[in-house]
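Since the structure comes first, as structure tokens, the remarks are kept for the end.
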Amino acid sequence: MADQPIFGIYGASGCGRGIMPLAREQVLRLGLSREQLVFIDDGPQARQVNGQSVLSYAEFLACAAAERHVALAIANSAIREKLAQQCAQDGILPWTVQAGNVVIMDEVCIGEGALLSPFVTLTSNIQIGRYFHANLYSYVEHDCRIGDYVTFAPGVRCNGNVVIADHAYIGAGAVIKQGRPGQPLVIGHHAVVGMGAVVTRDVPPETTVIGNPARPMQKG
């Protein structure tokens, strides 16, 4: 297999196990075997998960392969960024994994390393940064800009003219109100939008908002 590529899903927990079947379909469509696809886990508890081999990162690096590709199925965006930097240093190529039923319309630009789960829709004139995670049934409407390492939990509804900065986390079922042309609704870097929140105004950086309408969560 030294003249063949190898593909890895980094993380064998829930996120990784949800992405693995999509990755397997992509690998098979390339005419490769499922043996060329593995989980990567820093502390493997088993040598096989859901029918796929589990390797440590060091073992993945040691595999004889023409190229190494990795999808980072790690929910924590700070860890995702750290791993992306480590993989780049080690010559491992970022890999985008997406379900076959993902809908991508006109003029959508997606950065490297995205994970797009089933029933995700990206409409038109959208820019998305690196290592974006979009979970089940999420959508992004027209004229949105999304930064690097942003995470959408299942069922996020991001309407048009919204800007989401790096490392923001949008919780399951959250709704983000549509902004205006030239006056987008902005969610700041490292902001967290709680599960089911309805965002009707800008969210400052490093702020957690909850509720309907969404308001900053009180501390203490």
Just to be sure I understand, how many residues within the range 35-54 are in contact with a Lys or Arg (Cβ under 9 Å, 6 or more places away or on another chain) and either assigned to a strand (DSSP E or B) or surrounded by 15 or more Cβ atoms within 10 Å (Cβ to Cβ) (or both)? 6
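When the residues of the range 187-220 are filtered to those that are of a type in the set (Ser, Thr, Tyr) and in a loop (DSSP other than H, G, I, E, B), which remaining residue is nearest to GLY147 (Cα to Cα)?
It comes out as THR207.
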Restricting to the range 1-20, and then to whatever is surrounded by fewer than 14 Cβ atoms within 10 Å (Cβ to Cβ) and among the small types (Gly, Ala, Ser), can you tell me which residue is modelled with the lowest pLDDT? ALA2
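Residues of the range 189-220 being at pLDDT below 95 and out of contact with any Ser or Thr (no Cβ under 8 Å at 6 or more places or on another chain), which ones?
Correct list: GLN218, LYS219, GLY220.
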Could you go through the range 177-186 and let me know if any residue there is surrounded by fewer than 18 Cβ atoms within 10 Å (Cβ to Cβ), part of a loop (DSSP other than H, G, I, E, B), at pLDDT below 95 and at positive phi. yes
Which residues, taken from the range 138-156, are in a loop (DSSP other than H, G, I, E, B), on the phi < 0 side of the Ramachandran plot, without any contact (Cβ under 8 Å) to a residue 40 or more places away in the chain and open to solvent by 10 Å² or more (accessible area, probe 1.4 Å)? GLU141, HIS142, PRO154
Say whether the condition of being open to solvent by 60 Å² or more (accessible area, probe 1.4 Å), touching a residue at least 40 places away in the same chain (Cβ under 8 Å) and either assigned to a helix (DSSP H, G or I) or basic (Lys, Arg) (or both) is met by at least one residue in the range 21-29. yes
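For the range 62-137, list the strands (runs of 3 or more DSSP E) that sit wholly inside it and hold at least 1 residues that are open to solvent by 30 Å² or more (accessible area, probe 1.4 Å) and of a type in the set (S, T, N, Q); which are they?
126-128
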Looking at LEU83, is it under 15 Å from the mean Cα position of the chain (by Cα), of a type in the set (A, V, I, L, M) and more than 18 Å from ASN135 (Cα to Cα)? yes
Hits in the range 8-20 (condition: in a helix (DSSP H, G or I) and without any contact (Cβ under 8 Å) to a residue 60 or more places away in the chain): GLY14, GLY16, ARG17, MET20
Please name all residue pairs, on different chains or six or more residues apart, with Cβ atoms under 6 Å, provided the first residue is in the range 30-47 and is aromatic (Phe, Trp, Tyr) and the second residue is part of a loop (DSSP other than H, G, I, E, B). PHE39/ALA12
Have a look at ALA191, ALA174 and point out the one that is more than 27 Å from ILE92 (Cβ to Cβ), aliphatic (A, V, I, L, M) and in contact with an Asp or Glu (Cβ under 7 Å, 6 or more places away or on another chain). ALA191
Restricting attention to the range 157-174, which residues are β-branched (Val, Ile, Thr), more than 13 Å from the chain's Cα centre (by Cα) and surrounded by 19 or more Cβ atoms within 10 Å (Cβ to Cβ)? VAL162, ILE164
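Would it be correct to say that ILE126 is touching a Cys at 6+ places or on another chain (Cβ under 7 Å) and in contact (Cβ under 8 Å) with a residue 12 or more places away in the chain?
Yes: the conditions hold for ILE126.
The values are calculated or read from the model by the stated rules, or taken from the named source; none is laboratory data. Not measured: the values here are computed from a predicted model. Note that we place each Cβ from the backbone using ideal geometry, even for glycine, and neighbour counts take in every protein chain shown. Keep in mind that these areas ignore ligands, DNA and RNA; they rest on the heavy atoms of the full protein, side chains included. Shrake-Rupley method; radii C 1.70, N 1.55, O 1.52, S 1.80 Å.
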